[in-house]
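What follows is calculated from the coordinates using simple rules that are stated; it is not laboratory data. Fair warning: this is a prediction, and the values are worked out from it, not measured in the lab. Ideal geometry is used to build each Cβ from the backbone, glycine not excepted, and the neighbour counts take in all protein chains shown.
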């Protein structure tokens, strides 16, 4: 693939890629499963089955090996475990062309991790009695099809059936032509309303950015304030998240880490333009860094910002079953709650939220059973699944016994063909590990 076709493919990935991996599939069945997320950590990370948790130096080796196998331009990884040294790891480049080493405080577009922030504001409003999980979409969008049957809860847990505007072929074509286009909120709602629903409300599960855009608009209507202001007032300012924001416009949509696509035709990284933040807005436009996300992961995982009752409801995860996902992803036991994701089953479960575009990936999770946190940030995700697999690969060493059923097919292929070329300008090609 080359020329215009390559550009269209990259922008299409950017359009749809903000979905977590499961969201790229079709609607799947689900069943409710409880969570102990509201409980206090009861154990520290220790040796399991005779395997000791990896040290920082060992984790650095894991990260470097994964990056070489999967051609990551750069990454930042943080692992915080009670009873263990904190591990903050960097690898590769924040900017490949300038050979700027990745730094621990570099900022990234965190994509759908945004949903965890926006969902928390909605739950705060519910706790204040200004909104209800049973509130109907029709109260805020009177003309939205079937709005009287769609609840706030269904918007939060992706069971509304509402069409995902960001995957619409016409929308993808417009993005290919003009990634800088500013998208009015009304246009996003119209696109969602015009698409064929995946199923009747409450009768399935399908990841859709439309759900969280509608939640953002509901927050604005209930509070009378812009969503950006509510996020700052309620979350980022109280928690001291100085590098975290929802950009109001393209001028604010700037990260210190450059996002890349891998051009598989000639093995080079292509700096990828950031889509205007209006396109994903409440569903995936926020920017953050490792230090801020560490604070947020703990606040999110412990329910610090909402009532215990709402945290209990938030962590009723639906075990989602989807067609066409890689075996490693299915083995991670993905689940979805109220703007909250789960990997693994108790007692090893991790709760938080992921986010991906074609040029950035975020995996941010808290482990309720131990009070541990693991975050992986990369400045590419050209191939779907790099993010979740990267997270699981690191966790297998950081938390022995985690993700026992997850295997990395690329690592095996790399071992069999160790002489394969790394992309031009990549850390693997230059010998730099950042």
- Calculated FRET efficiency, residue 323 and residue 404, Cβ-Cβ r, R0 22 Å, to nearest 0.05? 0.40
- Item | Rough spin-label spacing in nm, given labels placed 7 Å along Cα→Cβ, for residue 266 and residue 242 | 4.2 nm
- Task: Taking the Cβ of each residue in 338, 125, 72 as the centre, tally the other Cβ atoms inside 10 Å and list the residues starting with the fewest.
- Result: 125, 338, 72
- Note on the structure: Looks like the stretch 234-341, by Cα gyration tensor root eigenvalues a ≥ b ≥ c and the a/c under 1.5 rounded cutoff (else prolate when a/b is bigger than b/c, oblate otherwise), is oblate
- Here Rg/Rh (Cα, Kirkwood) for the stretch 143-247 equals 1.01
- Taking the stretch 50-133 and dividing mean pair separation by its residue count, relative contact order in percent (alpha carbons under 8 Å, at least six apart): 19 percent
- So what is the relative contact order for the stretch 260-412, in percent, with contacts set as C-alpha pairs under 8 Å and at least six apart? 20 percent
- Query: For the stretch 74-188, what class follows from the C-alpha gyration tensor (a ≥ b ≥ c being the square roots of its eigenvalues): rounded when a/c is under 1.5, otherwise prolate if a/b is larger than b/c, else oblate?
  - Reply: oblate
- Fully extended contour minus Cα-Cα distance, from residue 86 to residue 251, at 0.36 nm per residue: 55.9 nm
- Message: Taking the number of other C-beta atoms within 10 Å as the exposure measure, put 199, 71 in order starting with the fewest.
- Response: 199, 71
- Task: In nm, give the distance between the simple-model label positions of residue 174 and residue 316, each being 7 Å from the Cα along the Cα-to-Cβ direction.
- Result: 3.7 nm
- Message: If I take R0 = 41 Å and measure r between the Cβ atoms of residue 51 and residue 330 in this structure, what FRET efficiency does the formula 1/(1 + (r/R0)^6) give, to the nearest 0.05?
- Response: 0.95
- Per-peptide average of other Cβ atoms within 10 Å, ordering 186-197, 203-214, 293-304 highest first: 203-214, 293-304, 186-197
- Task: Please work out the Cα center distance from the stretch 158-194 to the stretch 80-129, rounded to the nearest Å.
- Result: 26 Å
- Query: Residue separation times 0.36 nm, minus the C-alpha to C-alpha distance between residue 65 and residue 185: what's the value?
  - Reply: 38.9 nm
- Nearest-0.05 FRET efficiency for residue 225 and residue 132 at R0 = 22 Å, using Cβ-Cβ distance, is 0.65
